Amino acid sequence: MVAALVLIGSAPDEATVICAYILFGLAVGALDVGVSTRAAAIERAYGRSVFGSFCMAWSVGGVVAALLTAGAARLEWSVAAGLNAQAGIVLLLALCMRSQALPSSAPEPSDTLTQPPPGRRLWIRLIPFGLVLLVVYVVESTVSAWSAVYLRQTLAASLTVAPLAYAAYQAGTVVGRAATDRLVHKCGAVSVIRAAALVVACALAGMAAAPSWPFAVLAAGAVGLGASVLAPLSLASAARLRPAASEVVLARLNLFNYVGVVIGGAVSRLLGSTGQFRLAYAAPAALALLLLATARHFTQPPHGTQPMAARRACSGRGSAPS
């Protein structure tokens, strides 16, 4: 990622830029799987939902990156200088990264010996979670690409006000992910997924029918609030399909979110280019309702002796490196 950021900023020609973006995509894909696999290991070790907190950190990082980019523009830095600064931050993180000990979370022998190797059936079992991710990233692409234009052209908002819809969406995402783990512990994953899908569908319908920009901004915040819950719980439940091979499962599942990004970008561009912004939000609202059928496939983190294992780890006994 560091090399890709530097190359993007200093590329002398178009071919180099394309290669740098390919390298950046490879790095992001690997990090997606690596971080999610680590989250799955922590969740197994502690026996409680943690994916919401992991994804909340991702959302906060996006806000920080936007602020850094805005600050670089304010200081009139060149694009290359801004990217080099971000590459320096990533390099510092990479150099400071260390492996931490987790409570012993080795699965029972039967868990690893009786599980068949991941094959075609795994793809079938991933479909419900993949559909959720696909819809989430269709929604994400639509809101990020056209919310400002929608407020400006359809709802007659000023240039200052137009970006507020996406800001509200991001704020809703951070708040929703901060509450995800507590909600799962209190209400269960199935109930949380159903409630989140309904919130997303209703909020998108609200954006499509918004009579004025303040209503659309509030609706965008509600979209972020609901959509933020769906991706973390999809990753968590998918990782439990094959605990001994969670990296394979999550690598396959991540393909769905990239498909969602591509589809969302293409559909929103098609509808947005014709000025049909209300339809661009009404269509994903219908898709969100379909997610209600996938809720029954979501599972809870296993509970057992993990709290005792955590106490042993804190006291320096019984921990095993992960």
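The values are calculated or read from the model by the stated rules, or taken from the named source; none is laboratory data. It should be emphasised that the depicted structure is a prediction, and the values quoted were computed from it without experimental measurement. Glycine gets a Cβ as well: all are built from the backbone with ideal geometry, and neighbour counts include every protein chain shown.
A few remarks follow.
Condition check ((1) within 30 Å of ALA236 (Cβ to Cβ); (2) in contact (Cβ under 8 Å) with a residue 40 or more places away in the chain; (3) surrounded by 14 or more Cβ atoms within 10 Å (Cβ to Cβ)) across all residues:
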| residue | (1), (2), (3) |
| --- | --- |
| GLY47 | yes, yes, yes |
| VAL64 | yes, no, no |
| VAL79 | no, yes, no |
| LEU92 | yes, no, no |
| LEU95 | yes, no, no |
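- Where a residue in the stretch 19-37 is surrounded by 14 or more Cβ atoms within 10 Å (Cβ to Cβ) and its partner, wherever it lies, is acidic (Asp, Glu), with Cβ under 9 Å and at least six apart: VAL33/GLU247; SER36/GLU247; THR37/GLU247
- Check on GLY221, free of Cβ contacts under 8 Å to residues at least 40 places away in the same chain, surrounded by fewer than 24 Cβ atoms within 10 Å (Cβ to Cβ) and closer than 20 Å to GLY176 by Cβ: no
- Residue match in the stretch 258-265 (condition: more than 16 Å from the chain's Cα centre (by Cα), surrounded by fewer than 17 Cβ atoms within 10 Å (Cβ to Cβ) and either in contact (Cβ under 8 Å) with a residue 12 or more places away in the chain or more than 17 Å from TYR166 (Cα to Cα) (or both)): yes
- The residue that is surrounded by the most Cβ atoms within 10 Å (Cβ to Cβ), among those in the stretch 132-160 that are among the small types (Gly, Ala, Ser) and free of Cβ contacts under 8 Å to residues at least 40 places away in the same chain, is ALA148.
- Single condition TRP146 does not satisfy, out of (1) at pLDDT 90 or above; (2) assigned to a helix (DSSP H, G or I): (1)
- Any chance PRO109 is surrounded by fewer than 16 Cβ atoms within 10 Å (Cβ to Cβ), modelled with pLDDT under 85 and more than 26 Å from the chain's Cα centre (by Cα): yes
- Meets criteria (modelled with pLDDT of 90 or more, surrounded by 17 or more Cβ atoms within 10 Å (Cβ to Cβ) and touching a Ser or Thr at 6+ places or on another chain (Cβ under 6 Å)) for THR173: yes
- Inter-residue pairs, beta-carbon under 6 Å, first part of a helix (DSSP H, G or I) and in the stretch 189-203, second among the aromatic types (Phe, Trp, Tyr) and surrounded by 21 or more Cβ atoms within 10 Å (Cβ to Cβ), 6+ apart: ALA189/PHE298; VAL190/PHE298; ILE193/PHE298
- Scanning the stretch 74-91 for residues that are more than 19 Å from LEU7 (Cβ to Cβ) and at pLDDT 90 or above turns up nothing.
- Checking GLY71 against (1) modelled with pLDDT under 85; (2) surrounded by 11 or more Cβ atoms within 10 Å (Cβ to Cβ); (3) in contact with a Lys or Arg (Cβ under 9 Å, 6 or more places away or on another chain), the condition it does not meet: (3)
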